[in-house]
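The values are calculated or read from the model by the stated rules, or taken from the named source; none is laboratory data. It should be emphasised that the depicted structure is a prediction, and the values quoted were computed from it without experimental measurement. FYI the Cβ positions are ideal-geometry reconstructions off the backbone, even for glycines, and counts take in every protein chain you see. For accessibility, only protein heavy atoms count, side chains too; no ligands or nucleic acids. Shrake-Rupley method; radii C 1.70, N 1.55, O 1.52, S 1.80 Å.
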Amino acid sequence: MPKKIAAGNWKMNGTRASLPDAMAIAATPAGDCAVVLCPPATLLSQMGTEGLALGGQYCHPNASGTHTGDISAPMLADAGATYCITGHSERRADHGESDADVCAQTEAAWSAGLVAILCIGETLAQREAGETLAVLTAQLNGSLPNGATAENTVIAYEPVWAIGTGKVASPDQVAEVHDALRAQVGPEMSLLYGGSVKAGNAAELFALENVNGGLVGGASLKAADFAPIITALAAS
Ligand SMILES: O=C[C@H](O)COP(=O)(O)O
């Protein structure tokens, strides 16, 4: 059985004033679900809380070196992370990260003992052109290194047009993609959906056979918003 995972991506949000929210999220009963928070790197070492796994939002392919402003997978692990997001569409767009870059980052995460949460997703133009499954397959093939297992990798399907827009993909759209991904990655790897997941739509999404949790952005920042999502996953 794939592990159920509620992952929160805080993106470039959060200061020490947010730590009480992290503690409240950690205290939320989660049943057999893993709860993962990916805060800004500045908060990682201060967030170590029982019941909460931590993740980075990105890692450089190298372990160290002359890369001003960057962060490596061993640094994330040293700060308490056990997961790392790779290939988020905001980084693919803002930093020009290619599938090959994401592949190298994912290998770096594994080398540091981190579980990669590898993100793939189509744009609205690609969906409207009927290219969704082809685009996702190409991204998966290009950015998932050889050696991926259910222990070192989680796949997050995040349609770019649904991120931070309030436009959640319909259950039929999510099911079509997740069923296709399941056929590609095997029965054990966790498949998360991300894109405007909220308390009001979480139960419907998590009821889908091949949705094993969510990668949640905006609704993970406050415990009052994220806790019902965790509860919905635990009940699924
Ligand atoms: O990593 C999280 C996703 O980008 C989803 O963000 P969102 O829940 O704010 O739409």
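Can you find, within segment 185-202, the residue that is nearest to the ligand (Cβ to nearest atom) among those that are in a helix (DSSP H, G or I) and in contact with a strand residue (DSSP E or B) (Cβ under 8 Å, 6 or more places away or on another chain)? So that I can check it myself, show each step before the final result.
Within segment 185-202, the subset in a helix (DSSP H, G or I) is 185, 199-202.
Okay, now just the ones that are also in contact with a strand residue (DSSP E or B) (Cβ under 8 Å, 6 or more places away or on another chain), so 185, 202.
On the way: VAL185: 19, ALA202: 11 Å.
Once the filter is applied, the top-ranked residue is ALA202.
Residues satisfying the criterion are present in segment 203-217 (criterion: touching a residue at least 24 places away in the same chain (Cβ under 8 Å), small (Gly, Ala, Ser) and within 11 Å of the ligand (Cβ to nearest atom)). Among residues of segment 40-62 that are at pLDDT below 95, those with a Cβ under 8 angstrom from a residue that is open to solvent by 60 Å² or more (accessible area, probe 1.4 Å), sequence gap 6+ or separate chain, pair up as GLN46/ARG16; THR49/MET23; GLY51/ALA27. Looking only at residues in segment 35-51 that are open to solvent by 20 Å² or more (accessible area, probe 1.4 Å) and either away from the ligand (no atom under 16 Å from the Cβ) or over 19 Å from the mean Cα position of the chain (by Cα) (or both), the one that is nearest to PRO74 (Cα to Cα) is SER45. For the residues ASN146, ASN212, the requirement of being open to solvent by 10 Å² or more (accessible area, probe 1.4 Å), within 28 Å of GLU97 (Cβ to Cβ) and more than 16 Å from the chain's Cα centre (by Cα) singles out ASN146.
Within segment 186-202, the only residue that satisfies the criterion of being in contact (Cβ under 8 Å) with a residue 60 or more places away in the chain and on the phi > 0 side of the Ramachandran plot is GLY195. Taking first residues from segment 160-180 that are within 8 Å of the ligand (Cβ to nearest atom) and partners that are of a type outside the set (D, E, K, R) and open to solvent by 40 Å² or more (accessible area, probe 1.4 Å), the Cβ contacts under 7 Å between residues at least 6 apart in sequence or on separate chains come to ALA162/VAL168; GLY164/GLY218.
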